[in-house]
Amino acid sequence: MTRVVPAAFVRAHTQVRRPSLVPEVRLHVADDVVALWEAMEDAAGGAGEDPPFWAAAWPGGQALARAVLDGAVPVAGRRVLDLGSGSGLVAVAAVLAGAHHVLASDVDPFSRTAVAVNAVLNGVTGISVIGDVLHREPPDVDVVLAGDVCYDRVMTERVLPFLDRARARGCSVLVGDPGRPYLPHERLEPVTVLDVPETEGPGSRRTTVWQLP
């Protein structure tokens, strides 16, 4: 049975912020990740949930969202998959940029609720929230947007074959990443490079939106 997290949980344990690079979008994010993680574990009966990746605006997602809104990655009138949607930042940006429909995919039930909550917060429709898609053929979309999905070796080994299948079917495939070592940069072509302000403290992270040729 698919677990459903109440929207009230997301609203109660986060604050509304505008990502530095994408001020057009508002998101429920966590100022205290440890407290949120503890609340998630309590809500799950101590089941040991994954970290709350959904409660932050990660640099790859911010760069992708910025590229989508600025037109560097065309999505207007197209069907889009936001892979590893997290907060739903990229999905919301795609709708704002004129996407025909967006599928927001994430394995985490907390993320799936957060995407829906953030869509309502931004007054957008046309986002369908779904679970894990990596084990099957890509859905019927025109564009695949994947922000911060290559954060470790295991996840990268799952993601890359899916992206290859999507590209073989004719999809445009874009990946946002701040220089993680697991991403095979030699297989990709840069579309745009952006400096994303750090979420905590000064400085920024040089982040690239890559295209699978």
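The values are calculated or read from the model by the stated rules, or taken from the named source; none is laboratory data. No experiment lies behind these values; they were computed from the predicted model shown. No Cβ is skipped: glycine too gets one built from the backbone with ideal geometry, and neighbour counts run over all protein chains shown. Protein only, heavy atoms only, side chains kept; ligands, DNA and RNA dropped before computing areas. Shrake-Rupley method; radii C 1.70, N 1.55, O 1.52, S 1.80 Å.
Rounded to the nearest 500, what is the 222 nm mean residue ellipticity of the chain from helices alone, with -39500 (n - 2.57) per DSSP H run of 4+ residues and division by all residues? Walk me through the intermediate numbers first.
Values: 6 runs with 66 residues, N = 213.
Here the helix-only value at 222 nm equals -9500 deg cm²/dmol.
Working from the pairwise distances between different alpha carbons, so that the mean of 1/r is found and then inverted, what is segment 153-213's Kirkwood radius in Å?
Numbers: mean 1/r = 0.0788 Å⁻¹.
With all distinct Cα pairs of segment 153-213 included, I get 12.7 Å.
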Quick one: which residues, 5 or more positions from ALA104 or on another chain, have an amide H under 5 Å from its amide H? H modelled 1.01 Å from N in the peptide plane, none for Pro or chain starts. ASP82, SER128, VAL129, ILE130
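Treating only the Cβ of Lys, Arg, Asp and Glu as charged (+1, +1, -1, -1), what charge dipole size does segment 131-213 show about its Cα centre? Round to the nearest 20 debye. Could the numbers behind the result be given before it?
On the way: 10 positive and 14 negative charges, 44 e Å.
The dipole magnitude comes to about 220 debye.
Out of the DSSP beta bridges found with both residues in the chain, what percent are antiparallel (nearest 5)? List each step's numbers first, then the result.
Values: 15 of 33 bridges.
The antiparallel fraction comes to roughly 45 percent.
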Spin-label point model (7 Å from Cα, Cβ direction): what's the HIS135 to VAL120 distance in nm? 3.0
Going by average Cβ density within 10 Å per residue, which order do the peptides 57-67, 7-17 take, highest to lowest? 57-67, 7-17
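Taking a probe of 1.4 Å, how large is the accessible area per residue of the chain, in Å²? Let's see the in-between values first.
Numbers: 9670 Å² over 213 residues.
Accessible area per residue, the chain: 45 Å².
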Expressed in angstrom and rounded, the centroid-to-centroid distance over alpha carbons for segment 112-128 and segment 1-41 is 13
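Where does the charge balance sit around VAL143 when Lys and Arg score +1, Asp and Glu -1, over other residues with C-beta under 10 Å from its C-beta?
Values: positive: ARG78, ARG79; negative: ASP82, ASP142.
Here the charged neighbours net out to 0.
Could you please state how large a percent of the accessible area of the chain is carbon and sulfur, counting protein chains only and using a 1.4 Å probe?
Numbers: 5060 of 9670 Å².
Carbon and sulfur atoms account for 52 percent of the accessible area of the chain.
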With every atom except the alpha carbons ignored, what do you get for Rg and Dmax of segment 22-88, in angstroms? 15.0, 44
As I understand it, the dipole of segment 7-212 uses +1 on the Cβ of Lys and Arg and -1 on the Cβ of Asp and Glu, about the Cα centre. Which of LEU103, ALA119, ALA76 lies farthest toward its positive end? ALA76
If the only charges are +1 at each Lys and Arg Cβ and -1 at each Asp and Glu Cβ, what is the size of the charge dipole of segment 7-212 around the Cα centre, to the nearest 20 debye? 660
Highest GNM mean-square fluctuation among VAL34, VAL124, VAL75, for the chain with Cα springs under 10 Å, belongs to VAL34
